[in-house]
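Shown next, in structure tokens, is the structure this report addresses.
The values are calculated or read from the model by the stated rules, or taken from the named source; none is laboratory data. Since the model is a prediction, treat every value here as computed from it, not as a measurement. Cβ atoms come from the backbone with ideal geometry, glycine included; neighbour counts cover every protein chain shown. Ligands, DNA and RNA are excluded from the accessible area calculation, which covers all protein heavy atoms including side chains. Shrake-Rupley method; radii C 1.70, N 1.55, O 1.52, S 1.80 Å.
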Amino acid sequence: MTALLIAIPLLTAFLFVPFKEKAKFILPIIVLINIVLLFNLSINSVEAMGGWKAPFGIVLVLDSASFYTLLVVNIIFLIISLIPQITENGFSILLLILLASTNGLILTGDIFNSFVFLEITAAAAYIIASLKKNYYGAYKYLIVGSIAGGFYLLGAIYSYVGTGSLNFADISLNLNSSFLPFVSLMLFIGLAVETKILPLAGWVPDVYASGSPLTPAILGTGVTFTMMYLLGRIFITIFNGYFLDVLYIFGLLTLILAEIAAFRQEKLLKALAFSSIAQAGLVLSTISLNTYDAIKAGYFHLLNDATAKIILFVIAATVVGNFMKNKTAGISFSIASFSLIGFPIFAGFRSKLLILQSSFEKGDYLLPTVLLFSTIIEAAYLLKWNVRLWHNENEETKQIPWNIVLITLILALLIIFIGIFPDLYLKVSENITDGLMNYKAYVTTVLGGM
Amino acid sequence: MTIATIFVGILMIISAIYAIEAKKMLDSFISLSLLSLLSVFLFVIMKAPDVAITEASVGAGLTTAVLILALRRIGGDEE
Amino acid sequence: MVYYISFILIGIGIYGILTQKNLFKFLVSLTIIDTAINIFIISLGYIEGKDVPIYSKYTPVANFVDPLPQALVLTAIVIGVGTLALGASLLVRVYEKYETLEVEEIAVKEARK
Amino acid sequence: MRRVFALLISLGLILFFVNSLSILPEYGNVELSKVSNAYINKSVNGNNEKVKFGESKDLEDGAANVVTSIVVDYRSFDTLGEVTVLFTSALGVGLILHGFKRKTYGRLPNFILRVSVGILLPLILLFGVYVFVHGHLTPGGGFPGGTIIAAGILLLYLSNEEFDLSKTSKFVESYAGSLYIVVGLVGLAIGGVFLINFLPTGVVGDLFSAGIVPIVYILIGFKVGAELSGVIADLYREG
């Protein structure tokens, strides 16, 4: 039954090619069906595609980590699909494909299959990136993304040579230790483009700042969340913490350099794009600490960041000019940016506090120092932008549609709610962490008590 | 077989370098197609006829066609 | 032997992406890298003295090279051509917008906007 | 300067790969992995007899071509994804080039091309269909077959200025793709598993064998042919 999560959106996408314009109306329905279906599935189930059992065929694994990640990603898709104004004609089919491929990426238990889904996600992302005539940015993204895909494929092949199987659980159990450095380096290069880690994140500002609200709203939240989950699945569950030290360094460098770059930007969308890279670096280095609390804090922060980023990107790309004319949208924007900085009572405060706590527990003082420093930079530029958007003389302000105002407002209220009662998001991130860290349970579930 | 492999390999490396450094785009595409055909030969040597037939039709045929059509769309080869 | 051929081809492809300034050449380099990776994967499944993995009149019982890498490469080739077609159509549009495909000229025109 | 730097980076990369040779098996001396062994002997679900051409009957997978049996049966889910990549890029080429003004050349295709296409085209299409119908017996299958058909369509475009197939190809693409998933869903309904091979598999080597494998490969052939001709049409004409 798990396969339906991928099959239904894909079937709809195939069927609606001749009538591209109608796909806009079907998208929210399909996402809702997916969410309802998700709640009817039983956790800790393994489904073998075509009936070929674990190390031989492809399996879809639904454990607590993938269940909650699916829930988060599908809800993000639901939110995006409720703002049909930002989706141009014909792009709804791409969202359906993207939904199918992110679901597949989360569920799959096979490394080559994850490569295929990664390529589907990437292909859909390149096309979405070309919105608003941003062809050059999309082209750069395509070149970098394809090279990274090549490295991911090489990593998959090396792990096949090292184990004789492509199954994640089998690789985790049997991979020869001499293969580990090569495989993990190649897989990291492959994932670094999509998770926006610095030497390979050069495409992000070009793509996110194209002026289209859809591009960053979906790529920066749903897709990033999926990729971070996959990274956790590979490096925490499968390689069981190996190679995380290197990721830690890369994450910190990304955090600090991207914040400095964001501070120097002249355009709001570019600043937000760099801030998005920086948050990815922070999450990466936090989960690289590889303790239960740290991983929990990392995914908790990722959730808060995704909530805030939807508001920020959608409003920044739709509102031109003054917030005084669009007070509700302006308030949501300010709440989201305060949460990103980490002021008390907002959700971002909770997650940064958790990150600090967990790194002190681990006895790590580098991450807190860098985090505090970057928070200062972040506060500086986000406050500057808030002041500028509330008090500028730009008169040509458009009225933005009511559903955008409503949805961003609800998300902004959610941020305050999480800031006071963080239990909802904490439960989600705890479950994801449980699933990721419990590597023995994963292997036995997939391979069936070997 | 080893000598044939080495020979094909050297030809492939030459055509790859030429594909990258050629001044005219069309030359570059043609040597890319040549590279693809030579790799078909390698696939046959390595007992992979399925891959060989796919690479011959996709890599050597369709890739070149797509590239040349795109070149035609932007108004031919300048420089 | 075949290993070295594919490694050198990957190196040439990366060199092309780092040095070339024409956007078309990026696609060409990308295709070279794809081909090299495919050759490499197939060579990892080759076993000396064994046959094509097809049951037929000439090979009625199994004495085959590793068929799995071949299946994976089939997938990889098709994914490669899909990406290439996307890249080519993006290029057509880039040319329409900037009237050039040289990276530096595009950068100049971007800055002027 | 830039070139020297690039040369150093690519040399470093080559060295990195050469370094990995120490862990890789020697060329030509690879051992068959346990997974491949199971695929070749068709013993994933426990079959201890050796497979023999023309004799073995009702195996778990009946395709004589082991690569095909992996692509369309054992790892069919990958192939569904692969078809989706191609579908996405065909869709994307259409969306990106939509509304692009085509330059007219004012040059009519020449006589030799037009006449020879009339003779060659049926042969090309026939060959393409042959390749994907026999995908489970001989080398080839849906992807090369579809590409050959697309090459034939490309010839039609080159020889006839008025020719347009984009509407038809959209429908073929849409329904071939949907039918693939429907085949999978029928498997889910009958066997309880998505994409299960629910038809009898027959004798290894017969044309009518291997259960759903030929059906799926024919669907893939049509879909790939339609998609690639769609890409060619979009690149050739105005969107």
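Mean Kyte-Doolittle hydropathy of 1.0 or higher plus an axial Cα length of 18 Å or more: which whole DSSP H helices in chain A meet both?
Numbers: long enough: A:23-39 (24 Å, 2.62); A:64-81 (25 Å, 2.07); A:91-107 (24 Å, 2.26); A:111-129 (26 Å, 1.77); A:135-163 (41 Å, 0.82); A:180-195 (22 Å, 1.90); A:244-263 (28 Å, 2.10); A:268-287 (28 Å, 1.56); A:292-318 (39 Å, 0.89); A:327-341 (21 Å, 1.22); A:347-362 (23 Å, 0.07); A:366-390 (36 Å, 1.12); A:402-420 (27 Å, 2.83); A:423-437 (20 Å, 0.06).
What comes out of the filter, once short or polar helices are dropped, is A:23-39, A:64-81, A:91-107, A:111-129, A:180-195, A:244-263, A:268-287, A:327-341, A:366-390, A:402-420.
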>> Given points 7 Å out from each Cα along the Cα-Cβ axis, report the residue A:25 to residue A:71 separation in nanometres with one decimal.
In response: 3.2
> How much mean residue ellipticity at 222 nm does chain A get from its helices, if each DSSP H run of length 4 or more adds -39500 (n - 2.57) and you divide by all residues, to the nearest 500 deg cm²/dmol?
Replying inline: -23500 deg cm²/dmol
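Give me the percent of the accessible area of chain B that comes from carbon and sulfur atoms, probe 1.4 Å, all protein chains in place. Don't skip to the answer; put the middle values down first.
On the way: 2370 of 3120 Å².
Roughly 76 percent, rounded to a whole number.
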>> Suppose R0 equals 56 Å. What FRET efficiency, 1/(1 + (r/R0)^6) with r the Cβ-Cβ distance, do residue A:246 and residue D:52 give to the nearest 0.05?
In response: 0.65
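Report, to the nearest whole %, how much of the accessible area of chain A belongs to carbon and sulfur atoms, 1.4 Å probe, protein only.
Numbers: 9220 of 13810 Å².
The C+S portion of the solvent-accessible surface of chain A is 67 percent.
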> With no solvent and one point per C-alpha, what does the Debye sum give as log10 I(q)/I(0) for the range B:3-73 at q = 0.14 Å⁻¹?
Replying inline: -0.44
> For residue D:223, which lysines qualify as cross-link partners when the Cα separation must be under 21 Å and same-chain residues fewer than eight apart are set aside?
Replying inline: A:20, D:167, D:170
> Using the heavy atoms of the protein chains alone and a 1.4 angstrom probe, what is the accessible area of the protein assembly as shown per residue in square angstrom?
Replying inline: 35
>> Run the simple label-point estimate for residue C:99 and residue D:215 please: 7 Å along Cα→C-beta, distance reported in nm.
In response: 5.7
>> Restricting to DSSP loop positions (anything but H, G, I, E, B) with no more than 14 other Cβ atoms inside 10 Å of their own Cβ, which chymotrypsin sites (Phe, Trp or Tyr not before Pro) remain in the range D:140-219?
In response: D:163, D:208
> What's the FRET efficiency of residue D:41 with residue A:32 using the Cβ-Cβ distance as r and R₀ = 56 Å, to the nearest 0.05?
Replying inline: 0.80
> What does the convex hull of the alpha-carbon atoms of the protein assembly as shown project to on average, in nm²?
Replying inline: 34.4
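Filter the cross-link list A:267/B:24; B:47/D:57; A:22/A:133 down to pairs whose alpha-carbon distance in this structure exceeds 29 Å. Write down the numbers at each step before the final one.
Numbers: A:267/B:24 39 Å; B:47/D:57 26 Å; A:22/A:133 23 Å.
Too far apart for the 29 Å limit: A:267/B:24.
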> Using a 1.4 Å probe, how large is the accessible area of residue D:27, given in Å² and rounded to the nearest 10?
Replying inline: 50
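At a probe radius of 1.4 Å, figure out the D/A buried accessible area, summed over both chains, and give it in Å² to the nearest 100.
Details: alone 15370 and 17200 Å², together 28000 Å².
The contact between A and D buries close to 4600 Å².
Over the alpha-carbon set of the range C:2-112, divide Rg by the Kirkwood Rh and report the Rg/Rh ratio to two decimals. Intermediate values should be presented prior to the final figure.
Details: Rg = 19.7 Å, Rh = 16.6 Å.
Radius of gyration over Kirkwood radius for the range C:2-112 works out to 1.19.
For chain C, with all protein chains present and a 1.4 Å probe, just round the carbon and sulfur fraction of the accessible area to a whole percent. List each step's numbers first, then the result.
On the way: 1860 of 3330 Å².
Its accessible area is 56 percent carbon and sulfur atoms.
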>> Can you return the aspartates and glutamates within cross-link range of residue A:440? Criterion is Cα-Cα under 15 Å, with same-chain partners fewer than 8 residues away left out.
In response: A:63, A:170
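Within the range C:2-112, count lysine pairs with alpha carbon atoms under 24 angstrom apart where the residues are 8 or more positions apart or belong to different chains.
Values: C:21/C:97; C:21/C:109; C:25/C:97; C:25/C:109; C:97/C:109.
Pairs that pass both the separation and distance tests number 5.
Would you list D:58, D:73 from the most to the least accessible area, probe 1.4 Å?
The ranking, largest first, comes out as D:58, D:73.
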> chain B: which trypsin sites (Lys or Arg not before Pro) are DSSP loop and have at most 12 other beta-carbon atoms within 10 angstrom?
Replying inline: B:23, B:24
> Using +1 on the beta carbon of Lys and Arg, -1 on that of Asp and Glu, and nothing else charged, what's the dipole of chain D about the Cα centre, debye to 20?
Replying inline: 860
> With each pseudo-label sitting 7 Å past Cα toward Cβ, what's the residue D:130-residue A:41 distance in nm, one decimal?
Replying inline: 4.5
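Going highest first, how would you order A:148-159, A:251-262, D:223-234 by mean Cβ packing within 10 Å?
On the way: A:148-159: 24.9, A:251-262: 22.2, D:223-234: 28.6.
Result, highest mean first: D:223-234, A:148-159, A:251-262.
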> Taking the Cβ-Cβ separation of residue A:266 and residue A:423 as r and a Förster radius of 35 Å, what is the calculated FRET efficiency to the nearest 0.05?
Replying inline: 0.30
> Rg (Å, one decimal) plus Dmax (Å, integer) for the alpha carbons of chain A?
Replying inline: 20.7, 69
>> Please list, in order along the range B:31-48, the HN-Hα scalar couplings obtained from phi with the Karplus expression 6.51 cos²θ - 1.76 cosθ + 1.60 (θ = phi - 60°), rounded to whole Hz, x for Gly and Pro.
In response: 6, 5, 5, 4, 4, 5, 5, 5, 5, 4, 4, 4, 4, 5, 4, 8, 6, 10
>> Kirkwood Rh over alpha-carbon pairs of the range A:146-185, then Stokes-Einstein at 10 °C and 1.306 mPa s: what D in µm² s⁻¹, rounded to an integer?
In response: 158
> Under a straight-distance cross-link criterion of Cα-Cα below 12 Å, which aspartates and glutamates are reachable from residue D:42, leaving out those fewer than 8 residues away in the same chain?
Replying inline: D:58, D:60, D:61, D:73
> Using a 1.4 Å probe on protein heavy atoms only, how many Å² of accessible area do D and C hide from each other, summed over both chains and rounded to 100?
Replying inline: 4700
